[in-house]
Amino acid sequence: MEGARLTAWVRGRVQGVGFRWWVRARALELGLAGTATNKEDGRVEVVAEGSREACERLLALLGEEPSSTGRPGRVSGVTSRWDAPRGLAPGFREC
């Protein structure tokens, strides 16, 4: 199974609505390690490592409309970047 590192920046009404908690729950269900961090410009930055397939599924969930998993807030766009994994510690944190 190919490993991957996904960095995604999520725009919209995604701060103060439970979005990072929701990201953490989905990432853990998918077996991913990483973080969901509020940025000063109102975006949430999601960094996830694990299988390419699991990262692709998380990316799809971040932007799907309508949300099939009760995603809080409102997403107006997602920008992503793919890299080789760097070996994040197990678990997923909200920062």
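Some points to look at:
- Scanning region 46-95 for residues that are of a type in the set (Asp, Glu) and over 15 Å from ARG26 (Cα atoms) turns up GLU65, ASP83.
- Residue among SER68, SER51 that is at pLDDT below 95 and of a type in the set (Ser, Thr, Tyr): SER68
- Annotation: ARG20 fulfils all but one of (1) surrounded by 13 or more Cβ atoms within 10 Å (Cβ to Cβ); (2) part of a strand (DSSP E or B); the unmet one is (2).
- Qualifying positions in region 31-56 - crowded, with 18+ Cβ neighbours inside 10 Å and either more than 18 Å from VAL14 (Cβ to Cβ) or over 10 Å from the mean Cα position of the chain (by Cα) (or both): LEU32, ALA33, ARG43, GLU49, GLY50, ALA54, CYS55
- Within region 10-49, the set of residues being charged (D, E, K, R) and touching a Phe, Trp or Tyr at 6+ places or on another chain (Cβ under 6 Å) comprises ARG24, ARG43, GLU45.
The values are calculated or read from the model by the stated rules, or taken from the named source; none is laboratory data. Owing to the predicted nature of the structure, the values given are computational and were not obtained by experimental measurement. Note that we place each Cβ from the backbone using ideal geometry, even for glycine, and neighbour counts take in every protein chain shown.
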